[in-house]
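Participant: One structure, pasted below without further comment.
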Amino acid sequence: MQNFHCAIGLILGFLSFSCDGKKPAEVRTSSGYSTENNGDYTTQDFSAWMSKGDMQFAYEKRKPGTFFIYVEGRNHGGFHQYRFVSRPFPKEKFSEWSSFWGMTSEAFYQLDIKMLRAGFERSNLQVFEDATGQAFYQSLWMKPTRSVLVTPRLQQPVNDR
């Protein structure tokens, strides 16, 4: 029976390798997080990792005319940490923006619906899990500048007498 288990183990081991030499697609995960629409930011583009409170303070002290174009979080040794990428706000394309971090699944769902109904578009979303497996969401919503349609006033017909 022991030889049978060894043979099954060897067969499963061989089946887990690909013969075509291609590696499986790499999934971007680290410390329990995954990203979507993360842009092409380098490590130098990001701020230092910080606590949620320090992140709020950095947000309040950001340079005028800038915004957090990308925010991500992680579980680092049991502590939640966050960092951001800051850029000038593209006011010619967008009228408003809103960035949140450290949201639970339910809080994210409620806010996402509210923002989408208000005309915002979700620009990016990043999620990480803490040591208990609870997900925490970071997201950016942008409200596109839309042309205002002006309805011309109609003139009253002139009566020819």
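The values are calculated or read from the model by the stated rules, or taken from the named source; none is laboratory data. Worth saying up front: this structure is predicted, and the values here are computed from it rather than measured. Note: ideal-geometry Cβ built from the backbone for every residue, glycine included; neighbour counts use all protein chains shown. Ligands, DNA and RNA are excluded from the accessible area calculation, which covers all protein heavy atoms including side chains. Shrake-Rupley method; radii C 1.70, N 1.55, O 1.52, S 1.80 Å.
Participant: Any residue in region 103-125 that is within 21 Å of Gln56 (Cα to Cα) sitting within a Cβ distance under 6 Å of a residue that is at pLDDT below 95 and exposed (fewer than 12 other Cβ atoms within 10 Å of the Cβ)? List the pairs, counting only those 6 or more apart or interchain.
Facilitator: Taking only residues 6 or more apart or on different chains, the pairs are Leu125/Glu36.
Participant: Quick test of your reading of the structure: Val158 fulfils all but one of (1) open to solvent by 90 Å² or more (accessible area, probe 1.4 Å); (2) modelled with pLDDT of 95 or more. Name the failing condition by number.
Facilitator: Only one criterion is unmet by Val158, namely (2).
Participant: In addition: Exactly one of (1) on the phi < 0 side of the Ramachandran plot; (2) open to solvent by 50 Å² or more (accessible area, probe 1.4 Å) is unmet by Asn124. Its number?
Facilitator: Of the numbered conditions (1) on the phi < 0 side of the Ramachandran plot; (2) open to solvent by 50 Å² or more (accessible area, probe 1.4 Å), the odd one out for Asn124 is (2).
Participant: Within region 7-28, is there a residue that is modelled with pLDDT under 55, among the acidic types (Asp, Glu) and open to solvent by 50 Å² or more (accessible area, probe 1.4 Å)?
Facilitator: Yes, the conditions are met somewhere in region 7-28.
Participant: Does region 39-84 hold any residues that are loosely packed, with under 11 Cβ neighbours inside 10 Å and in a loop (DSSP other than H, G, I, E, B), and which are they?
Facilitator: Hits for region 39-84 are Asp40, Thr42, Ala48, Lys61, Lys63, Pro64, Gly65, Gly77, Gly78.
So that you can scan it fast, the table gives a plain yes or no per residue for (1) at pLDDT 95 or above; (2) in contact with a Ser or Thr (Cβ under 8 Å, 6 or more places away or on another chain); (3) not in a strand (DSSP E or B):
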{"residue": "Gly102", "(1), (2), (3)": "yes, no, no"}
{"residue": "Phe108", "(1), (2), (3)": "yes, yes, yes"}
{"residue": "Asn124", "(1), (2), (3)": "no, yes, no"}
{"residue": "Phe136", "(1), (2), (3)": "yes, yes, no"}
